[in-house]
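*Asks:* Have a look at the structure that comes next, please.
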Amino acid sequence: MGHELGQGPTARPDGPTAVINGDLLSEDPIVRLVRDRRLVSAEALGRALTVSAESGEPFQTVLNRLGLMPEQALAAAISDSTKLPLIASSDFPPHRIAGAVPTASFLRDARVMPLAIDNGRLRLAMGDPFDDFAAKAIGFMFGCAVDRFVALPSDIDAAVDRIYGVSDQAVDDGDSIADETDVERLRDLVSDAPVIRAVNRLIADAVELGASDIHVEPAEDRVVIRFRVDGVMIEQPALPPSMRSALVSRIKVMAALNIAERRLPQDGRMRIAVRGNDIDLRVATAPSIHGETVVLRILDRSNLALDFAALGFSPLLTDKLREVLARPYGIVLVTGPTGSGKTTTLYAALSELNSGARKILTVEDPIEYRLPGVVQMQVNPAINLSFATALRSFLRQDPDVMMVGEVRDLETAQIAVQAALTGHTILSTLHTNTATAAIARLIDMQVESFLLSSTLNAVLAQRLVRRLCAVCREPYTPSAAQLGALGIDDAAAGPFYQPKGCDSCRFTGYDKRIALIELLVVDDAVAELILKQADTREMARLALARGALSTLLTDGIAKLLAGETTFQEVLRVAVEQ
């Protein structure tokens, strides 16, 4: 049965809501809904109305843009009020439906999207189901009665861009656009509404999927868009080649980069509000044969878990690490490849130490998250502000704890060792595969072994593996080869689980990632081996026998037996090939 909203008091007035001296001259039904249900404070409502009147933006858009109310919550309230179904982005059609072809600009302005025609009735997604004019106009185009459905305006924008094109007129992307004399023209181009919407929608989609990175990769005949979700690259609908320069330039403008420079890589950062949450993004551009590629690292502070248990530390490992952090001085290193969560682990350690009784300083490249109560500095090679320079200056500021983003060279390593010797706690990262290999790496940097043995407290190595979806995981019996590869003798040690796929995990079988941890605690026996510059394998054997080392494999098997991950994931990161 169709859903029709009548005329009269629920019909949407023309134009934006106007406010003079706090009085509504004309009231939008959505404004009345928000006010009557007290979905936001009176102050926030007045602010949104004022901005809507001054900017001409829809009230819904202003609420979300100002972070006053997530559009998902408002859409749910509209659906509840009107008794119209609320649909998800997955309910939108993959292609245009047969019949009339409305212009993309009309669909965007009206925030509507035709979904399907069933039994002579048009199913219509609407950001504002009170808009009788838009519903009747679309019904007239298709010659059908209209059934209205509530949808998120951002989902409608994305569907219009995907199905009807990002712009009604192709954006010129000829070679002349790369000419530095045409920079002003490019500035005008990136301010076009379709380009702005495309970039905002790209970021919103990635955040909604829980992606860690967005990859924009220009090709000869399209712009390839890929998201990294739970460590795996997932290709998204491509954009037309006409969007290539405008899209990249828009991102560069948002990140305060030089849009005229396309020959050299650039790095920047920006912040954007996505459905009420502030999202920080690290932006890296690089030239390629078909134009500049862009990678945006998403730093969602609302999802930042600065808790060892949430990161994947077992209670035993958490206790050991806390004992190490409680020591009055010394160095704690976190190792692993890029993207393995090293910085997040360091932030969790800083949170443990950030009691207010300690002076904590950090030098990072770049600063990924802001930590209250911590003085944070970013390196700047352009003015010769390196890790070593910053660390040296920190020693004159009476710190208790210092975090160095990475030990990259001998100078930084030597200053860190000297700081530890003079009663400071130093936290840092290093790029090695195992905990014991970090010791060999520092000695290879020419750090004196007798200094290292007396200042190094612990080395933590970590990798990220995909976590099984708790909703749909299913038990299975592993093969003898799988058990043997991990050194598990008893097939009854399980139960073991494998991915299946459901709505909750977007049919991937996995939900986010969890860390596998290897922790080497430097005790007297390990310190003696460091002093002797012993082989890393010998050091690992001794530490393992003494209980001073817990390996990635051990932690991986524990998480496998707990049903948190799979054989394939543990084999991928914890077993030497």
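*Asks:* Any residue at all in the range 180-193 that is modelled with pLDDT of 80 or more and over 19 Å from residue 103 (Cβ atoms)?
*Replies:* If we filter the range 180-193 for residues that are modelled with pLDDT of 80 or more, which is where we start, we get none.
No; the residues of the range 180-193 include none that is modelled with pLDDT of 80 or more and over 19 Å from residue 103 (Cβ atoms).
*Asks:* Please work out if residue 332 is modelled with pLDDT of 90 or more and under 30 Å from residue 256 (Cβ atoms). Step through it out loud before you land on a result.
*Replies:* Numbers: modelled with pLDDT of 90 or more: yes; under 30 Å from residue 256 (Cβ atoms): no.
Considered against the rule, which asks whether it is modelled with pLDDT of 90 or more and under 30 Å from residue 256 (Cβ atoms), residue 332 comes out as no.
*Asks:* Across the range 310-322, what is the total count of residues that are open to solvent by 30 Å² or more (accessible area, probe 1.4 Å) and free of Cβ contacts under 8 Å to residues at least 24 places away in the same chain?
*Replies:* Total satisfying the criteria: 3.
*Asks:* Right, another one. Within the range 385-413, can you find the residues that are part of a loop (DSSP other than H, G, I, E, B) and of a type in the set (Val, Ile, Thr)?
*Replies:* Once the filter is applied, which keeps residues that are part of a loop (DSSP other than H, G, I, E, B) and of a type in the set (Val, Ile, Thr), the range 385-413 yields only 407.
*Asks:* I'm trying to understand the selection: among the residues of the range 434-460, which are outside any helix (DSSP H, G or I) and either open to solvent by 20 Å² or more (accessible area, probe 1.4 Å) or within 25 Å of residue 340 (Cα to Cα) (or both)?
*Replies:* 434, 445, 446, 448, 456, 457, 458, 459, 460, listed by residue number.
*Asks:* Check whether at least one residue in the range 342-356 is in contact with a His (Cβ under 8 Å, 6 or more places away or on another chain), modelled with pLDDT of 90 or more and either surrounded by fewer than 21 Cβ atoms within 10 Å (Cβ to Cβ) or closer than 18 Å to residue 395 by Cα (or both), and report yes or no.
*Replies:* no
*Asks:* For the range 192-211: of the residues being closer than 16 Å to residue 249 by Cα and among the small types (Gly, Ala, Ser), which is least open to solvent (accessible area, probe 1.4 Å)?
*Replies:* 198
*Asks:* Would you point out which residue out of 328, 337, 237 is part of a strand (DSSP E or B) and either out of contact with any Pro (no Cβ under 7 Å at 6 or more places or on another chain) or open to solvent by 30 Å² or more (accessible area, probe 1.4 Å) (or both)?
*Replies:* 237
*Asks:* Then there's this: Checking the conditions here, which among 224, 232, 248 is β-branched (Val, Ile, Thr) and buried (at least 18 other Cβ atoms within 10 Å of the Cβ)?
*Replies:* Step by step, each of 224, 232, 248 is checked, and only 248 is β-branched (Val, Ile, Thr) and buried (at least 18 other Cβ atoms within 10 Å of the Cβ).
*Asks:* Quickly run through the range 23-39 and pick out the residues that are modelled with pLDDT of 85 or more and either within 33 Å of the chain's Cα centre (by Cα) or open to solvent by 50 Å² or more (accessible area, probe 1.4 Å) (or both).
*Replies:* The first filter runs over the range 23-39 and keeps only residues modelled with pLDDT of 85 or more, leaving 29-39.
Listed by number, the residues that qualify are 30, 31, 32, 33, 34, 35, 36, 37, 38, 39.
*Asks:* Here's another thing I want to ask about it. Which members of the range 261-302 meet the condition of being open to solvent by 20 Å² or more (accessible area, probe 1.4 Å), out of contact with any strand residue (DSSP E or B) (no Cβ under 8 Å at 6 or more places or on another chain) and in contact (Cβ under 8 Å) with a residue 60 or more places away in the chain?
*Replies:* The answer is 262, 275, 276.
*Asks:* Between residues in the range 529-554 that are within 24 Å of residue 570 (Cβ to Cβ) and hydrophobic (A, V, I, L, M, F, W, C) and residues that are modelled with pLDDT of 90 or more and assigned to a helix (DSSP H, G or I), which pairs lie under 6 Å by C-beta distance while being six or more apart or on different chains?
*Replies:* 539/436; 539/529; 540/436; 543/526; 548/526; 549/543
*Asks:* Quick check: is even one residue across the range 45-65 basic (Lys, Arg), open to solvent by 50 Å² or more (accessible area, probe 1.4 Å) and either closer than 20 Å to residue 129 by Cβ or assigned to a helix (DSSP H, G or I) (or both)?
*Replies:* yes
*Asks:* Now for a separate question. Taking the stated definitions as given, is residue 382 open to solvent by less than 10 Å² (accessible area, probe 1.4 Å), over 18 Å from residue 414 (Cα atoms), not in a loop (DSSP other than H, G, I, E, B) and not polar (S, T, N, Q)?
*Replies:* no
Residues are listed down the side, and each one gets a yes or a no for (1) closer than 29 Å to residue 510 by Cβ; (2) over 21 Å from the mean Cα position of the chain (by Cα):
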residue	(1), (2)
236	yes, no
258	no, yes
263	no, yes
266	no, no
279	yes, no
286	no, no
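*Asks:* Cβ-Cβ below 9 Å, separation at least six or inter-chain, first residue in the range 340-367 and basic (Lys, Arg), second assigned to a helix (DSSP H, G or I): which pairs?
*Replies:* 359/397
The values are calculated or read from the model by the stated rules, or taken from the named source; none is laboratory data. As the structure is a computational prediction, the values presented were derived from the model and not from experiment. Neighbour counts run over all protein chains shown; Cβ positions are idealised from the backbone, glycine included. Ligands, DNA and RNA are stripped out before the accessible areas are found, and what is left, the full protein with its side chains, is counted by its heavy atoms. Shrake-Rupley method; radii C 1.70, N 1.55, O 1.52, S 1.80 Å.
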